[in-house]
Structures are given as C-alpha cells and as structure tokens.
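A short reminder: the numbers here are calculations on the coordinates, not readings from a lab. Just so we're clear, the structure is a prediction, and the values are computed from it rather than from any experiment. Cβ placement follows ideal geometry from the backbone for every residue including glycine, while neighbour counts extend to all protein chains displayed.
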Amino acid sequence: ILTGVTAVYMLFLASSGTTEKKTITYGAEELEYETYEYSDNTQRAGWFMLFSWFWTTQFIIAVGQLTVALAVARWYFCRDKNVTGSSTAYAAFKTVLRFHLGTAAFGSLLIALVKL
C-alpha cells in the first residue's frame, strides 16, 4: 500500500513539469526533442518523497526485526517452553511499540540518510 501511494505521488510530481522544445545539430540535420523542466519546489518535493519512502520502509523493517528479535529472545530465555504460546509475538510487538519505537525511528532515519 505504501509503495502504491508513493508511486502515485511520484507520478504526479513527474507529470507536473513543463516541456521545452530544444534542437540539436547532428551533421547537416537539426533534431528537435522535448525536455521536462521542473521548478525548485517540485524538485524538493521529489527528493522529500524519496527520503520519506526510504525512511518509512526502513522503519517498518526495523519494527519487524525488533519484534522477531524480542519474540525469539523471550522464547529462548524462558525456562518452561510450554508457557510461550501464540501470544509471544503479539506481546513482543506491544513491547516494541511501547519501549523501542524511538530506536526503530532513529535507526531508520540514519539508514534513510545514508541511502539518499
């Protein structure tokens, strides 16, 4: 869903430029071609969309990785393995949302900055 929404916004930004006709001389012929020119605001919006897509995807991945790591750690360090059930993953997800969301956000911000 996230990629679809981002793609729609990026297509909107890509189509919001103005076209300019330019000519180039190749031998004895002059060739015409069109280029897209984007305003500074449109270019900034494109970079912002790319950055926010990187950051959001890395944030979702980080929350998933933290949830899996916490669920496995709870299972591994539990004395009675029969106590851990299907709610272990949900409990790990709740713990990540309550205590480790800032870690996921900051780490994904660093990764997004490096990718950009």
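Ordering Ala92, Gly46, Thr56 by Cα displacement along the dipole of the chain toward the positive end leaves Ala92 in first place; charges were set at the Cβ atoms of Lys, Arg (+1) and Asp, Glu (-1).
Only Lys, Arg, Asp and Glu carry charge here, each on its Cβ (+1 for the first two, -1 for the last two); on that basis the range 2-115 has a dipole of about 1220 debye about its Cα centre. Fully extending the segment from Tyr36 to Ile1, taken as 0.36 nm per residue of separation minus the present Cα-Cα distance, adds 9.7 nm. Using the Cα coordinates of the range 2-115, the gyration tensor eigenvalues translate into equivalent-ellipsoid semi-axes of 51, 13, 12 Å, sorted from longest to shortest. One chain, two ends: Val114 and Arg79. Fully extended at 0.36 nm per residue, the span grows by 8.5 nm beyond their Cα-Cα distance. Computed packing ranks the peptides 56-68, 85-97 as 56-68, 85-97, most packed first, by mean other Cβ atoms within 10 Å. The peptide list 75-83, 35-43, put in order of mean Cβ contacts within 10 Å with the highest first, becomes 35-43, 75-83.
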